[in-house]
1. Along the positive direction of the dipole of the chain (beta-carbon charges: Lys, Arg +1; Asp, Glu -1; about the Cα centre), which of Val327, Ala303, Gly242 reaches farthest?
2. If each of Glu89 and Phe16 carries a label point 7 Å out from its Cα toward its Cβ, how far apart are those two points in nm?
3. Let me have the 222 nm mean residue ellipticity of the chain computed from DSSP H runs of 4+ only, each contributing -39500 (n - 2.57), with the sum over all residues rounded to the nearest 500.
4. Using only Cα atoms, locate the centre of segment 136-188 and the centre of segment 64-87, then give the distance between them in Å, rounded to an integer.
5. Work out the charge dipole of segment 346-397 with +1 on the Cβ of Lys and Arg and -1 on the Cβ of Asp and Glu about the Cα centre, then indicate which of Gly361, Ala346, Gly387 is farthest towards its positive end.
6. In Å, the Kirkwood hydrodynamic radius of segment 316-392 over pairs of distinct alpha carbons?
7. Taking the Cα centre as origin and putting +1 on Lys and Arg beta-carbons and -1 on Asp and Glu beta-carbons, what dipole magnitude results for the chain, to the nearest 20 debye?
8. Need one number: convex hull volume per residue for segment 7-132, Cα atoms only, in Å³.
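Bear in mind that the values in this text are calculations on the coordinates, not laboratory data. The structure displayed is predicted, hence computed values, not measured ones. Virtual Cβ from ideal backbone geometry, glycine too; neighbours counted across all protein chains shown.
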Amino acid sequence: MRIADRISNLGTETAFAVSAEAATFAAQGNRVFPFHLGDINLPTPSTVVDGAQKAIADGKTGYCPNAGIPQLREALAADLAASHNTPYEAENIVVQPGGKPTIGKFILTMMNPGDEVLYPNPGYPIYESQIEFNGGKAVPYGYVEGDANFAIDFDTIERGLTDKTRLLILNDLQNPMGAESSPEELERLAQLVRDRNLYVLADEAYFDMRYAGKSTSFVEQPGMAERTVVLYTFSKKFAMTGWRLGASVGPKEIVDVIAKINVNDESCSNHFIQYGALAGLEGDQSEVQAILNTLEARRDATAAGLNAIEGIDTFIPNATFYLFPNVTNLMEAKGLNDYEEFRRAALHATGVSFTNRLHFGREQPNEPNKYIRFAYSGIDVPDIEEGLGLFKEWAES
Ligand SMILES: Cc1ncc(COP(=O)(O)O)c(C=O)c1O
């Protein structure tokens, strides 16, 4: 079989491989405590389900406009105009089958081969994959661990900037770290973007997954709405990961190109699901709030379980559904220096399944610390407590 050369540059999301490994372990009769995947084991709100079912019954089963149904574009524009303090209109919204498609389509639209793109690492692995697949150079920037957050390491950004840097990817409310940028950090980034005339992808997959405080979008920084595409997704807020619906939000000139890519890729996003999402946006929000309440209790249980382990001290993020504990001492105490060896040893001894730093972009030379990621979106509190109790026993033995 002759596969095209360009495919050698295409990466993947290796967290799915951890999932498969955990499933195999479970199929062998073992108990698994699933902290590996950022999926949600809670039902989609009935507003969305009813809206989609009605749309099917009403015959919304044919093609629809490539950029999305006008009602959803309008409703999302109004919603985001309010939450982002930005005068978005329907023309600024192009509906996508999920949040993820915005990443590749933004890069395809804004990056020429040979251009350099700054992206967060550790970070969502699809950035690296799409940049390199499309012939760009992926230039990582990092984070430094503080007492109660991870902060962007501006030294790595300064070092990464060249006269070929064109784009910056920002994932504020960050996967895998749960990091949240301070207002000063966002200001400093915006200054850099203006000085260097960059364009920005603001991946806001977790904008609404917040338990305290208020999310502030990067587009609120002066001049940023004109040069930023926001990745919006229904996946997390409405527990709709498998429905596949999201949007790219930004300047009309960019949105129009992305709509043209839609014509070439999938024609349109699923027609009746857009009516479900519309009903979700416009309907009663109590089930959406209930999802957040459930996740908050899981966050607290996961943080408490992890922090009870000798050698682990993880901060409690106000947003996302991830914890990213530093396990440098723990790995050393267990005599395990290799990330995957450590992960498998924990899985086989305890059934606790998690991902590690290697699943979130290429490891950089001389990283001083080791980290693993716990996603608590797909596991109930009693299982969190039981699993982390076993993990503690193993870790401290
Ligand atoms: C940072 C980040 N961006 C984008 C996505 C993609 O979301 P979706 O499932 O809506 O495609 C995810 C999903 O986990 C994510 O963590």
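1. Value: Gly242.
2. Modelled inter-label distance: 3.9 nm.
3. So the calculated ellipticity at 222 nm is -12500 deg cm²/dmol.
4. Cα centroid to Cα centroid, the span is 28 Å.
5. Gly361
6. 13.4 Å
7. About 940 debye.
8. Hull volume normalised by residue count: 212 Å³.
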